[in-house]
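Accompanying notes for the structure given below.
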Amino acid sequence: MTNRAAAARYARALFDVVLKESDVAAVERELAAFVDLIAGHDLLSKVLANPAVPAPRKQAVVEQIAARASLQAPLAKLLALLAARDRLGLLADVRDEYRQCFLDHQKIIRAEVTTAVPLPPDRVEALQLAFSGITGRTVLVSASVDPAVIGGVVARLGSTVYDGSVRRHLERLREALTGGT
């Protein structure tokens, strides 16, 4: 099993428990803050990632941090479990997967829009409304600029890509003119 798949399982299990017992938004914030804390503290991250440090010691450190931070019980239990199994390296992926579970539960989808020039806020809002109509969900749009697009827009909603860029149109035209070679 890949690390991403393992992280997805842990995140899904945490989400299912939190959905029944606690506040999913609070746990999402706490998990993100815990991951940021470890990433921001160089010595702590090195100790928790070091295979020479026994898992019980890592678990004790994580439990102390969780207690001092007053983390929700399901999150504290998951963190202790990850430490006991020496799987703390999965934390960033668990955070990302949990966040995705949270967004799915809230019926929110992320859209990444790439254009050749920066989009004005009103165009971003128009795209957001259009994507909401297509998906039937609330859409959070993040816009980026890539001059290689030349013109038009490339939008990614989950695993679906809508490529309306001039670059792609030129590629299709070239394929048609050269017979696909």
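The values are calculated or read from the model by the stated rules, or taken from the named source; none is laboratory data. Please read all numbers here as calculations on a predicted model, not as lab measurements. All Cβ positions, glycine included, derive from the backbone under ideal geometry; neighbour counts span all protein chains shown.
Values for this structure:
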item	result
Given (1) closer than 22 Å to Ala11 by Cβ; (2) loosely packed, with under 15 Cβ neighbours inside 10 Å; (3) in contact (Cβ under 8 Å) with a residue 24 or more places away in the chain, number of the condition Pro51 does not satisfy	(1)
Residues of region 1-57 satisfying the condition of being among the polar types (S, T, N, Q) and outside any helix (DSSP H, G or I)	Thr2, Ser22, Asn50
Some residue of region 65-84 being part of a loop (DSSP other than H, G, I, E, B), over 23 Å from Ser159 (Cβ atoms), in contact with a helix residue (DSSP H, G or I) (Cβ under 7 Å, 6 or more places away or on another chain) and not small (Gly, Ala, Ser)	yes
Selection count, region 46-56, where residues are closer than 18 Å to Lys77 by Cβ and basic (Lys, Arg)	0
Check on Ala60, part of a helix (DSSP H, G or I), of a type in the set (Gly, Ala, Ser), surrounded by fewer than 17 Cβ atoms within 10 Å (Cβ to Cβ) and not assigned by TED's automatic domain parsing to the domain that holds Ala25	no
Where a residue in region 133-157 is in the same structural domain as Glu112 (by TED's automatic domain parsing) and its partner, wherever it lies, is surrounded by 15 or more Cβ atoms within 10 Å (Cβ to Cβ) and assigned to a loop (DSSP other than H, G, I, E, B), with Cβ under 6 Å and at least six apart	Ala143/Leu119; Pro147/Ala116; Val149/Ala116; Ile150/Ala116; Gly151/Ala116
